[in-house]
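Have a look at the structure below, then the notes.
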Amino acid sequence: MSVATQIVDPQSASLALTLLQSKAGNRWGRAVEEMKTNRLHVSGDFPEFIVTNKSGVAYKVRLDLHGTGSCTCPDFQVRIAQEGRICKHIAAAAITALAPQVGVSSPANGNGTVKANGISSAEVAPLIFRIRRSVQTDGKAAVQVEVQARVTNDQEQDRETASYAYELLERLASQAAKNSAPSENMSRQFDSPSAATATPIKPRRVTTTSKTSPVPAVITKIDRMKTRQGESLFLKVDVGGETVRVFGRPEDLAECLEASGYDIPASEIEAGMELHLPCLVKLGQGNSGYKIIEEFLPEAAA
């Protein structure tokens, strides 16, 4: 069995890379960042690739030397293809396949550069800051509480991270004072308040895993309403003609959207956004008896 490999001409690759980067917008920088932090994995060779996200969902990407690309992810299929833009999966494939041909650097926005071999040269070891507190428990030896966070060189993001880190430290200190030691889950490292593993407040879910099969749904809108905790954002989801609301911070809602296959960062999430994004969901029942969404999944690509 023989395998034919298409040779990429550096001059054509340079033009294709420039065109794709112009279509990517902020998704280019996000692709670089997620590749560096192993949240996106690219396999294959020009022109066909498999790009796998942090949840293990794999999408097929195809590039050509005319500066176009296609992806099977819902974000590309449903939201942005008709607008002439590309998703971060196409950007990741282009960085992997074409950048080594022309030695192109990524945008100078703190997201690092791509060397000729396609490996990130900046921030190989990310800059970490640590804050610690000594907590006295029941007159015994003090417990050391520590929070770690990654510095991104994005001033606004780093201010948000620092604020969140100190808030988390207070929670850990309180937990340590009550239970003599912080729980393993609460004391884990986190990258930023927008990272899924760093968010202690999640959209409401039941404690047991649903064994039900996924059902079709449509994320119709992002809206806001008053709750006992104050103003809260939520995803409005249509499931078989019935509306289910999923509350959370912008970071939480962005995580749900990403699980559904749509790349809308927390910074862009706001009340009033009309979406109409098809997906699959697993339903459960909350303590109050209402239906809740336990899990979001991408709709199978057509």
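Values in this text are rule-based calculations from the coordinates and carry no lab data. Keep in mind that this is a model prediction, so the values were computed, not measured. Don't worry about glycine lacking a Cβ; one is built from the backbone with ideal geometry, like all the others, and counts go over all protein chains shown.
What are the ³J(HN,Hα) couplings of region 91-100, residue after residue, when phi is run through the Karplus curve with 6.51, -1.76, 1.60 and θ = phi - 60°? Round to Hz, x for glycine and proline.
Along region 91-100, the couplings run 4, 5, 5, 5, 4, 5, 8, 9, 4, x Hz.
Determine, at each q value in 0.14, 0.17 (inverse angstroms), the log₁₀ of I(q)/I(0) that the Debye formula gives when each Cα of region 10-102 is one equal point scatterer.
Here the Debye-derived log intensity ratios amount to -0.41, -0.61.
What is the packing order of peptides 84-95, 10-21, 228-239, 31-42, taking the mean over residues of other C-beta atoms within 10 Å and listing the highest first? Show your work: numbers first, answer last.
Working: 84-95: 26.5, 10-21: 17.6, 228-239: 15.1, 31-42: 20.2.
By packing density, highest mean first, the sequence is 84-95, 31-42, 10-21, 228-239.
Along each of its three principal axes, how wide is the spread of alpha-carbon positions in region 215-297, in whole angstrom units, largest first?
Dimensions of region 215-297 along the principal axes of its Cα atoms: 31, 29, 19 Å.
Compute for region 244-286: radius of gyration divided by Kirkwood radius, i.e. Rg/Rh, restricted to C-alpha atoms, rounded to two decimals.
Details: Rg = 10.7 Å, Rh = 11.3 Å.
With Rg and the Kirkwood Rh in hand, the quotient comes to 0.95.
What percent does the relative contact order of region 214-302 come to when contacts are Cα pairs within less than 8 Å and at least six residues apart?
That works out to 32 percent.
Kindly write out, for region 261-276 in residue order, the coupling ³J(HN,Hα) from the Karplus curve 6.51 cos²θ - 1.76 cosθ + 1.60 (θ = phi - 60°), rounded to whole Hz, with x marking Gly and Pro.
x, 10, 9, 10, x, 4, 5, 9, 7, 8, 5, x, 5, 8, 10, 6
Report the FRET efficiency, 1/(1 + (r/R0)^6), for Val218 and Glu146, where r is their Cβ-Cβ distance and R0 is 41 Å, rounded to 0.05. Please report the intermediate quantities before stating the final value.
On the way: r = 43 Å, r/R0 = 1.05.
Once rounded, the FRET efficiency stands at 0.45.
Which of Lys221/Lys282; Lys60/Lys291; Lys54/Lys226 have a Cα-Cα distance over 27 Å? Provide the component values of the computation, followed by the final result.
Working: Lys221/Lys282 19 Å; Lys60/Lys291 34 Å; Lys54/Lys226 33 Å.
Listed pairs above 27 Å: Lys60/Lys291; Lys54/Lys226.
Give me the distance between the Cα centres of region 1-78 and region 230-257, rounded to whole Å.
Taking the Cα centre of region 230-257 as reference, the centre of region 1-78 is 30 Å away.
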